[in-house]
Amino acid sequence: MKSAPVIQNVRGVKIYPPNHKRVQKLLANESAPEIHGDKVWYSSYFIMDYLEANPPEPKTTILDIGCGWGALSIFCVKKYQARVTGVDADKHVFPLLQLHAKLNNVNVGSKVSRYEDLTPEFLAKQKLIVGGDICFWDELVDPLHALIKNALAAGVERIVIADPGRPPFLRLARRCRRLHHGKLRQVKVTAPRKNDGYLLIIENFD
């Protein structure tokens, strides 16, 4: 008899494997995610490790952009009692986010939006912005940079973006190093498996 897929527990976050029947049910219907929202992408773990070494204050307001299944959002709620809003351009990821929030017994806010459409008023309510694996196309560089500029102007204290090192992300990182004192840091993780990549860290000095 075939055994059921095992639910992972990574850094205190329970995550369904993509072949779990509950995930498959959501992925199989006509509302399945359209913008690479078919799994938890690895850069979320880079940010989790960074936050463990550089923890936000309890109950910090955090915006998780390109949140996908919400593993990073859930981590921030469980670990830091943060008030988290997950943002994604693909409305179809949110049933998967809520599936994982329920599995982990937490609440995560959600907002459908493209990067460039997040208003200054909304950004001003956030202290920290995080995002993993969100700069994978060339056409995402300018909208993400616009978000970063608007967030800094609105008073967001810190922005942390992670990526395995795709060319569009590195272009964004170079621009942010030049214009916003951004720091590019090489990182690696060993769990749930070995992987390496980069963190772009931007702190608001204004």
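The values are calculated or read from the model by the stated rules, or taken from the named source; none is laboratory data. Quick caveat: nothing in here was measured; it's all calculated off a predicted structure. Because the Cβ atoms are built from the backbone with ideal geometry, glycine has one as well, and the counts that use them run over all protein chains shown.
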Please count how many residues of the stretch 91-131 are of a type outside the set (A, V, I, L, M, F, W, C), under 28 Å from E203 (Cα atoms) and out of contact with any Phe, Trp or Tyr (no Cβ under 6 Å at 6 or more places or on another chain).
15
One residue is enough: does the stretch 152-163 have a residue meeting the conditions farther than 26 Å from G12 by Cβ and touching a Gly at 6+ places or on another chain (Cβ under 8 Å)?
no
Are any of the residues in the stretch 96-113 crowded, with 18+ Cβ neighbours inside 10 Å and in contact with a Leu (Cβ under 6 Å, 6 or more places away or on another chain)?
yes
Quick one: how many residues across the stretch 155-170 are outside any loop (DSSP other than H, G, I, E, B) and crowded, with 16+ Cβ neighbours inside 10 Å?
9
Step by step: first the residues of the stretch 146-198, then only those that are among the β-branched types (V, I, T) and modelled with pLDDT under 95, then the one that is farthest from the chain's Cα centre (by Cα). Which residue is that?
T190
For the stretch 119-139, give me each residue that is over 15 Å from the mean Cα position of the chain (by Cα) and either modelled with pLDDT under 90 or more than 23 Å from F75 (Cα to Cα) (or both).
T119, P120, E121, W137, D138, E139
Is there any pair with a first residue in the stretch 136-154 that is touching a residue at least 60 places away in the same chain (Cβ under 8 Å) and a second that is among the hydroxyl-bearing types (S, T, Y) and buried (at least 21 other Cβ atoms within 10 Å of the Cβ) whose Cβ atoms are under 6 Å apart and which are 6 or more apart or on different chains, and what are they?
L147/Y115
